[in-house]
Every structure is written in C-alpha cells, then in structure tokens.
Amino acid sequence: MTYVNDPSTGRSVARYVGMNLIEVGDWQRGEVVLEATVSPRTHLAGSHGGLVTGALLTMCDNVAGFCAGLAALPHGWVVSTSLMIRRARWQSVGDVRFRSGVLRAGRSSVVTDAVARDEKGLLAIATLTSAVLVPKGGVPVWERPARLVHDAQPPDGGQRDHDRDNKRSDAGADHFYRWLGIRPAPTGVGVELDVFDGLRNPWGIVHGGVTASLIDSAARAAVPGASGVVDATVHFLAPSRAGPVRAVGVPLGERRSEVVVKVVVSDLGADRVVAIAIVGVQREVPAVSASDRFP
Amino acid sequence: MTLTGPGDYPPPHHMLRDLRIEFEHADESRVWMPAQRHLADARGHVRLGALATMVDVIGGGLAALAAAPGWIATADLSVHALNPVIADDRTTLVANARVLRAGRTTVVIECSIESEPAGGAVALATMTFSVLERRASNPVLTTPQIGGRSERQTMASNGSTLRRPLLDALGVQRPGPGVGELHLTPYVVNSLGSVQGGALATLAEYAAETLDEAGASATVDLQLAYLALAKGGPIRATASFAGAGDVVRVEIIDAGHALRTTTVALARLGRR
C-alpha cells in the first residue's frame, strides 16, 4: 500500500509529536530548507524531564526526510536509508526548533541534515541519507512553499496502551513509548511492538522514527542502569509492514560511563531483519558543562 | 570508495601499500592490517582513521561485488571504537565484513574489527554505498572476484611500510586547532582520482581531536557522510564544538573546487 500522494494519510506519527513543517528556503531557485517548531508537552517528556529521545529521533527523521523528499522532486520521493544522530543535551527548555537543509541531492540518493535547538542552544544534530524512489501512484505534487501543519494530538486520544502492566521502567516510563506500544519481548530479551496504521508513514510502512524509537528502547534495555541514548547510527535495511517488530540490543564494549550497543530489528511477521543500529548508551544522566566536554 | 582488485591501482607509492593491507573475499570478506607503530595517536593507540581506512577498503570491494555489474560510491561510513589497541608491529588488526543489504539503490555493509593474537573487539563499522550505473571509466571486476573465492591478496609491495607517523605520511598540514589540510597527491587518491575515504576519515579525526589543545582526547566515534568527490585540493577539514557537550561537527571542503563541501562528519571525543 502506498499513499505518498495523499497528504492526509500516513501522518499519525507527525500529528502525535505535533510537528509543523514549513518550507523557508528559496525554492524557486532550487533551494530546499525546512523549519519546524515543536512545543514539547508532557506526553513527549522522558523520565529525565527532557524531550524523550525516541520523539527527538522521530522529529529529526520527519524534518530531514520531508526535506529530502522535496529535494528529490520532480524525479521521485524518498525513503530513509540511514540516520546518524548525536544528542548534545538531555533537558530541553521551551519550544524545540528544527532546521533542515540539503547536503547533497543526487539522482539516486539525497543527504539532508537536521539541527534541533531550544532556548539554551543545540539539542541534537542529525544526518539522514535517503534513497530516491518513484511511488506506484506517481511522484507527489506539493504546493510550494510546502507546509505540513499538525496540531499535537491529545496524549490518550484513541491510542492503545500495550504495556500498562509493564513493570520495566525502560519501556514503560514514557508516554511516547506507550503510544507506540513498545513492550518487553515475550522471550525476555529485547523489546517489540505491533504494527498498526497509526505507525505507518506515507509509504504504508513503519515510520523510520518509530523504528528508531524501538532501537532507543532496545539499546537502553540492554544496559543495566542506562539513562539514555547519546548517539545512534541507524541503517534501514528493509521495510516493516507485518509485525510484530522486535529489537534486540547486545552490548559490544564499554568506555567510562558509556556503553556501545548493537541493535538488530526484525519484522517477525515477514521473518527478516529490517534495521541495524550502533548506539551509544549513557549509564547515568550527565551534568555536562562547557568545562567538562569529555566524559 | 576503493577498488580492492588487481590492476594499476593502487600506484606504487600509496598509503594502502604502506599500510600493508591484505584481503580476501570468501564466504565473508576479510582484511588484515598490521598495527604499525606509526598508526599511533598521541597516547599510542591505533588511530580511528586507520581503522576507517581498512574498513573502507574491504567495504568498497565487497559492495562493488554485491552491486555488479553496477558500480558504487560510498554514501556514509560510521566507525565506533570499542577497545583501544596499542600500535605495535606484533599486533595485526583483522576485519570481517558482510553484506547486510544489497538492494537496487543501496548496499549496506557491516564490518567488525578484532586484534590478533590478543583477540577482542576493537571497533564496529557500518557503511552505505549508493548503487550507480556502470560507466566506461569504472574498473572492471575480474571473474574470480564475482561469485568466486579469491586468494588472499596483498596491497603491500616490496619494502612498503609506514616510515613516519600516518598524519605526516598522508601530508596532513596543521594550520591551527580544529583545522587540518591535505593536498591531493597520488599517495592518497582512490581509484576515481579523489581522496581515499579513509584518508578523509583520518583528516576529520585529526581536526576533531585538535580541538582539545591539551592533546588529551581521542576521537572514539566517527560518522561521515560523503557528499562529493574531493578531486581538487587542498582539502580542508574544520572542526567545531556543536553545543556545550562533546559533539564535534567536522566539515571537509575542497578549496580547489569552489570550496565545495565534500564530506560532513559528526565525531565524539573521549579519553578512551
């Protein structure tokens, strides 16, 4: 199922995080630049009080992905192939502003970046590589300058709560992860979620930010005492359509307060690996100051 | 991207020959590189850029095989250090690479690096390659390289070895903190006449770690997105702290090509 051409479908994730994407670049001269503002509400807050990493990953994927799609026009639209992100701080203060631009626009791939800032400065920085494909229904047409405006969805408006009985703090503390339906895997190793239409992107496959959020949960679940993910390199290998989708993290090495974890994501319904990630997990929330740059 | 096959590449005096890289393509692709003392960073550990170079060699070769008859270009490369290895001629680094995805538009490779004889994980790397239509100028892969098991081959030539620190051998110039420059010489080019991906990684690593003027930091993670070929020169890497944490952003531009941005990188510094 592909509904890239229908702007009203496949946007539930963007609606949930309340992301408003506005094109601000000089599009008539071929420049593609997007800005987005998010007012973090309690349903996007993590246990440390800041914007939950999964939501941040989703927002970066959203804004950089839409930017890449506009840059691919009129030849095609895009799917994410790899996302590299680094988080600079844990707590966010006030509105979070995103800005995304094109680093490279080729015939087969587009590279875009996303920079997230709040009142205190840089929050996260991401680079997204996307593959250019032609949707079955044809290349979408966007009115330019493009706008995608979503009011934040009420936290419990018709959503499911798979893990209301979940006792594990890594998957149960944050509303965003409950909305996604992330729960401990029945095998006792890793985490998983069921696929429902609200998690699909306009291509009809699981949203890249959802997969990234599952990776975030699996990486933290693999590290005792984990507080959060500081960086991630995610490779999207195949689309997730069927579900359940399971992510399992394996710690590979440790340095001071950080553990490097490899996460493998599989679509159990399709019996295939759909994503792989290398993730840096912090054991405790650091109080980073300018004079303490190197933990 | 680097071709790991026979032919006139690499030229006689080349970084890959001095790194004494050997490789084979079998069920998995494997590459060996001695941990020469001249690969050391300020604290005696093998540089992340050197690890990225061996990863680029084996990943590029494996991706080219997976994409045949099409051709490839490196889109991104990430390398995460797990355990530091002392640069010591008695130690050999071994990297195993495998294809995670071979699609119509991209090839994704995973590569794990260990040390011998001590054993233990040294680093984990991943790469994405864009699949391109073959052009007449692209190298031709020979039959044993496609679907067959290759013999272990070496890029070393008689007597080739690093005779000075890697940064000096590459010709990295150091105008100031957070900046590194590299001239386009036959020693550092790849089969496309651009600066080798591993050399760009080493340049980015150098620029990032010189932000710490006390010299106490090493680059422990590096994520690079390759945007355009670096075929002019000088190639200049500029690193800057992004925000108050330890996130370092590096931009590499080609000063001989209208200051075009060829590579962007995110680095993480640590006292590993």
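Things to note:
- Label-point gap, in nm, between A:Trp27 and A:Asp197 - each point 7 angstrom along Cα→Cβ: 2.8
- Ranked from largest, the principal axis spans of the Cα set of region A:3-131 equal 43, 28, 26 Å.
- For chain B, the longest principal axis of the Cα atoms and the long axis of helix B:197-209 meet at an angle of about 10 degrees.
- Environment charge of A:Arg107, counting only residues whose C-beta is closer than 15 Å and scoring Lys/Arg +1, Asp/Glu -1: +3
- 18 Å tail of the calculated P(r), region B:16-95, as % of Cα pairs: 45
- FRET efficiency estimate (nearest 0.05) - Cβ-Cβ, A:Asp95 to B:Asp89, R0 41 angstrom: 0.15
- Modelled spin labels at A:Arg272 and B:Leu259, positioned 7 Å past Cα toward Cβ, are 4.5 nm from each other.
- Residue mean of other protein chain beta carbons inside 10 Å, B:221-233: 3
- The base-10 log of I(q)/I(0) for chain B, evaluated at q = 0.07, 0.09, 0.15, 0.16 Å⁻¹, reads -0.21, -0.36, -1.07, -1.24 [Debye formula, identical scatterers on Cα atoms, solvent excluded].
- By other beta-carbon atoms within 10 Å, ranking A:Trp90, A:Trp77 with the fewest at the front produces A:Trp90, A:Trp77.
- Region B:59-136: proportion of alpha-carbon pairs further apart than 17 angstrom, %: 49
- Cβ-to-Cβ counts within 10 Å put A:Ser217, B:Ser29 in ascending order as B:Ser29, A:Ser217, the fewest first.
- Helix B:48-67 and the longest principal axis of the Cα set of chain B meet at an angle near 30°.
- Considering helices alone, the calculated mean residue ellipticity of chain B at 222 nm is -4500 deg cm²/dmol, with DSSP H runs of length four and up weighted by -39500 (n - 2.57) and normalised per residue.
- Evaluated on the protein assembly as shown, the Kirkwood hydrodynamic radius is 23.7 Å, with distances taken between all distinct Cα atoms.
- Per principal axis, descending, Cα span of region B:1-140 in whole Å: 44, 32, 26
- Taking the number of Cβ atoms within 10 Å of each Cβ as an exposure proxy, the fewest-first ranking of B:Met15, A:Met59 is B:Met15, A:Met59.
- Rg/Rh ratio calculated on Cα atoms of region A:55-110 (Kirkwood radius): 1.03
- Reduced Cα scattering model of region A:192-247, Debye log10 I(q)/I(0), q = 0.22, 0.23, 0.28 Å⁻¹: -0.86, -0.91, -1.17
Since every read-out is calculated from the coordinates, none of them should be taken as a lab result. This structure is a prediction, so every number in the text was calculated from the model and none was measured. Please note: Cβ atoms are built from the backbone with ideal geometry, for glycine as well, and neighbour counts cover all protein chains shown.
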